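*Asks:* Structure incoming, see below.
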Amino acid sequence: MKRRIGMVVAVAAAAALVLGGCSTANSSSASSASGKPVEGGNLVIARSQDIISMNATDTFDNNSLRVMEQIMEPLFMVSNNGKTLKPWLATGYTISKNQLVYTINLRKGVKFSNGKTMTASDVKFSIDQDTKSGAAGWGFINAAIKEVSVVNASTVQITVSHPWGPLIADLSLFSNGIIPDNYGGKTEAAFYQAPVGTGPFVWDYWKKGQAVKLTKNPNYWQKGLPYLSSVTWTVVPDANTRKLQVQGNQIDIDDTPDWSTFASLKATPGVNAMTFPSTLMDWIAFNENRAPFNDVHIRTAISDAIDRNAMVKAVLFGNGTPAYSMLSPGTPYYDPNAGGDTYNVAKAKAAMAASSKPNGFTTTLLIQSGDANQASIAQIMQSELKVIGINMKIEQLDPTANKQARLAGNFDMSWNQWSMDIPDPDEWTSWAVNPKGGSNSAFTGYDNPKVIAINAEAAAETNPTKRAALYDQVQTITSQDAFIAYLFYSPYSYVATDQVKGFYVTPLGNYQLANVYKTK
Amino acid sequence: MLHRLRFIPGRLVQSIPVAIGVTIIVFFMARLLPGNPALALLGQHATKASVAALSKQLGLDQPLWQQYLIFLGRLFQGNLGTSITYQMPVTQELAQAIPVTLSLLGLALLLSLVISIPLAALAAFRPGGARDLGVRGFTLLGQGMPQFWLGIMLILLLAVGVRAFPVGGYGETAGDHFYYLFLPALTLGITMCPTIIRSLRSSMINVLESEYVGTAKSKGSYGAALFRGHVLRNAAIPTVSVIGVNLGFLVGGSLVIEKVFALPGLGSMMINAIFTRDFPTIQGVTLFVAFFVVVVGILTDVVYTILDPRVDLSSKERA
């Protein structure tokens, strides 16, 4: 998914500021792009991890996605607020009366960086390849697509097997980014060694474990963009080193500094500590296949006993907001009045008294080892649950083993985090409330036929007003059921030198570097 | 001289069973870890179905013994397999990371010798004197400082404060590499110093008390000439084995330094591979480290042989 406004950079920045200002961020939200953009320069972004692959159809790693999004673009682009879509490589679409056929008009005169003009057969090939990746890739996103057909060079038709509200949002996903038909005559593996797309930047090199570099696409279809001559993402695992590098002007942007680093950099002159509203939510899964978590009173009691404001203060150093819905504020159809449990010890004790374990019990919370944030969440919960008679132990497993345990249902309670990839709630709700969604209802075993039915209805609906009403119901019922305990929404954090202008991150985590420039 | 190095081929042959043992341990130990690479690759979207589908695609659904035999078969052809995470030959990954780690170790060793030899000599010439106390204080301090802390302090002082060196990274050209490696090598070098200084100091004291040094002195050899010709060479022998053993450990120790200084070496490669369960990469790095330790062992003996003419490892009768 990419985001860019194709007009003047100042417009983008103004929008960014307005939209960014909607949320909690009280530090400078986006590096404002006032003044005349400067051409040229190499932007250096340091991150803790390297990229893995440039194959969008089977890569789930955010570090890789952020790079490939500068090279390959989708038909529709998510807007700055993360909730609406705008035509990108497409110029618009129409839906047939029976809601099954989408006719999509393509933008004319768009060229790949190899000089070839983008046509409908490239679009068909790209979407088909994504669909083919199936269960081992992002193919599930295209599950509703029955057929993609070429009408003429600048028109494609997508037929869905059943009415499907999220289709245009699905097409905005990076995995549906447009690449040349038949990989431009190369093998799949060879193509992704140096991918070709229509984006503002082109592949230069990748030194594994060290850096990946893209250079400017001089023939980009948006005239005058990008401003930068190149972008380099470097691998700097240690948060402290990244902090020192941005202070020493050795890098331009420190990607995801930890919150303690962030706090100290906020006060440093010459750098700009930025937060952007995200779709990230931390939550606790209750394993309903294990007693007593099949008891709604127990789940409610635990959820009521958690002081979310204290967690935001201790874990995020105040950079976030408590969560009271299964959807995050950056997700379309978010309902601020979903009625999620708030901190209320008296209510928690009453729920315990009414539960199957009025005298309390002993249980375990599963978290990932080596993560300071999760450790403090667990410690806070431990002391809070003690108050209502629950003796909670903390179990730590490394990330991969932890995921294995959650998938296998080997836990009582577990820490989790989710963020959205497309601007449509279905990606998360179908995963979270449907036991057949692949994750056994977000690892919980939660199975409420009413919620499942409403959620399915919402996915098949294409009218936004009707969808909103349905998703309101989903959010309210899931909150009443306390199938998970929502903890907090956290923003994305970035620290940049004050030379960097126009940098903006959408709630889905994407950033568009075409509009970014560096002052001297 | 050369005939005394005839032990090398024999040593290499002896290391083959060691290598096979290492492959077995590494192969099966890595797979004892819960979770498989498919889980790591699929991120937050991992489902039972997608994990199963990807595992099959990666050949991880085959019986373990079969996977081991495939691994061994490839190994004999010099093929370490393909990294699961990066879909790139492990040999190619190693070829990028080995020079980084080896030059870091080499430079660290050089810097630590440059620091250690004069300090040890300073301390040994008057044991118990003020200089000796100073040097011994330094070794205590050196041993007490954690590597990562020393690294961060050196960055703060020489890279952020004075801006004489870069804050981490590896640079683009060969000249860059040397420049970028200097601070991490200095950090590693300083942490190597205490062991070297202690060993060198005590053997220098012994050598200085020995009769042949007395003889040399009586022949009129003093100062630097005495030190180079008689003291250092003889005192160095036990230190060589101390360094040899330590170099093996240092491959592991460089891991912390590589993280602090953002160097794309073997340590960072290994940590990532373990977290993502990238079995072929874990195997490749471990095999290389095993090979490295064997080679350092042999090299230690070679240096030994050169320093001390009495040592002859090639002939049992003469030993």
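Every number in this text was worked out from the coordinates using simple rules, so none of it is lab data. Keep in mind that this is a model prediction, so the values were computed, not measured. Please note: Cβ atoms are built from the backbone with ideal geometry, for glycine as well, and neighbour counts cover all protein chains shown.
*Asks:* What's the angle, to the nearest 10 degrees (0 to 90), between helix A:296-305's Cα axis and the longest principal axis of chain A?
*Replies:* For A:296-305 against chain A, the angle is about 80 degrees.
*Asks:* Still on this structure, I have one more. In the protein assembly as shown, if the dipole is taken from +1 on Lys/Arg beta carbons and -1 on Asp/Glu beta carbons about the Cα centre, which of A:Ala514, B:Met145, A:Pro163 is farthest to the positive end?
*Replies:* With unit charges placed on the Cβ atoms, the residue in question is B:Met145.
*Asks:* With no solvent and one equal point scatterer per Cα, compute the Debye intensity ratio I(q)/I(0) for the protein assembly as shown at 0.10 Å⁻¹ and report its log10, rounded to two decimals.
*Replies:* Values returned for q = 0.10 Å⁻¹ are -1.15.
*Asks:* Compute the long axis of helix A:372-387 from its Cα atoms, compare it with the longest principal axis of the Cα atoms of chain A, and write down the angle in degrees, 0 to 90, nearest 10.
*Replies:* Tilt of helix A:372-387: around 20 degrees.
*Asks:* In sequence order, what are the phi-derived ³J(HN,Hα) couplings for region B:158-167 according to the Karplus relation 6.51 cos²θ - 1.76 cosθ + 1.60 with θ = phi - 60°, rounded to whole Hz, with x for glycine and proline?
*Replies:* 9, 10, 8, x, 8, 6, 7, 10, x, 8
*Asks:* Does region A:55-197 classify as rounded, prolate or oblate by the C-alpha gyration tensor (a ≥ b ≥ c root eigenvalues; a/c under 1.5 gives rounded; else a/b over b/c gives prolate, otherwise oblate)?
*Replies:* Note, shape of region A:55-197 comes out rounded.
*Asks:* Once Lys and Arg get +1 and Asp and Glu get -1 on their Cβ, which of A:Ala338, A:Pro237, A:Asn319 lies farthest toward the positive end of the dipole of region A:229-348?
*Replies:* A:Asn319
*Asks:* For B:Lys48, list the lysines whose Cα falls under 18 Å from its own Cα; do not include residues on the same chain fewer than 8 positions away.
*Replies:* Qualifying lysines at Cα under 18 Å: A:Lys403, A:Lys436, B:Lys56.
*Asks:* Still on this model: In region A:134-260, how many lysine pairs have Cα atoms under 27 Å apart, counting only pairs 8 or more places apart or on different chains?
*Replies:* 11
*Asks:* Amide H neighbours of A:Trp221 under 5 Å, at least 5 residues apart or on other chains, H built in the peptide plane: list them.
*Replies:* Those qualifying (amide H under 5 Å, at least 5 residues apart or on another chain) are A:Lys111.
*Asks:* Report the one residue of B:Ile70, B:Ser15, B:Ser55 whose Cα lies farthest in the direction of the positive end of the charge dipole of region B:1-79 (charges on C-beta: Lys and Arg +1, Asp and Glu -1; origin at the Cα centre).
*Replies:* Sorting the options by dipole projection puts first B:Ser15.
*Asks:* Just to confirm the number: angle between the C-alpha axis of helix B:279-307 and the first principal axis of chain B, 0 to 90 degrees, nearest 10?
*Replies:* Approximately 20 degrees, to the nearest ten.
*Asks:* Amide H neighbours of A:Thr91 under 5 Å, counting only residues 5+ apart in sequence or on other chains, H built in-plane at 1.01 Å?
*Replies:* Result for A:Thr91 returns A:Asn105, A:Leu106, A:Arg107.
*Asks:* I would also like to ask the following. Going by average Cβ density within 10 Å per residue, which order do the peptides A:213-225, A:138-150, A:484-496 take, highest to lowest? The partial results should precede the final answer.
*Replies:* Working: A:213-225: 16.9, A:138-150: 18.5, A:484-496: 25.0.
Those peptides, ordered most packed to least, come out A:484-496, A:138-150, A:213-225.
*Asks:* What ³J(HN,Hα) values, in whole Hz, does the Karplus curve 6.51 cos²θ - 1.76 cosθ + 1.60 give for region B:72-81 when θ = phi - 60°, with x put for Gly and Pro?
*Replies:* 5, x, 5, 4, 5, 8, x, 10, 8, x
*Asks:* Placing unit charges on C-beta atoms (Lys and Arg positive, Asp and Glu negative, everything else neutral), compute the dipole magnitude of chain A about its Cα centre in debye, rounded to 20.
*Replies:* Details: 43 positive and 41 negative charges, 242 e Å.
Here chain A has a charge dipole of around 1160 debye.
*Asks:* Enumerate the amide H contacts of A:Glu395 below 5 Å, restricted to partners 5 or more residues apart or on another chain; note that Pro and chain-start residues carry no placed amide H.
*Replies:* When sequence neighbours closer than 5 places are left aside, the close amide H contacts are A:Leu365, A:Leu366, A:Ile367.
*Asks:* Give me the net charge for the shell around A:Thr117: Cβ to Cβ below 13 angstrom, other residues only, Lys and Arg +1, Asp and Glu -1.
*Replies:* Once positives and negatives cancel, what remains is +2.
*Asks:* While we're looking at this one, here's another question. Per DSSP helix of 4 or more residues, -39500 (n - 2.57); summed, then divided by the residues of chain A. What does that give at 222 nm, rounded to the nearest 500?
*Replies:* It lands at -8500 deg cm²/dmol.
*Asks:* Let me ask you something else. Taking A:Lys349 as the anchor, which aspartates and glutamates have their alpha carbon closer than 12 Å to its alpha carbon, excluding any fewer than eight residues away along the same chain?
*Replies:* A:Asp304, A:Glu384
*Asks:* Additional query: Across region A:196-202, in residue order, what do the Karplus-derived ³J(HN,Hα) couplings come to in whole Hz, using 6.51 cos²θ - 1.76 cosθ + 1.60 with θ = phi - 60° and x for Gly and Pro?
*Replies:* 10, x, 9, x, x, 10, 10
*Asks:* Based on the Kirkwood radius over alpha-carbon pairs, what value in µm²/s does the Stokes-Einstein equation return for the translational diffusion coefficient of region A:277-491 at 10 °C and 1.306 mPa s?
*Replies:* 92 µm²/s
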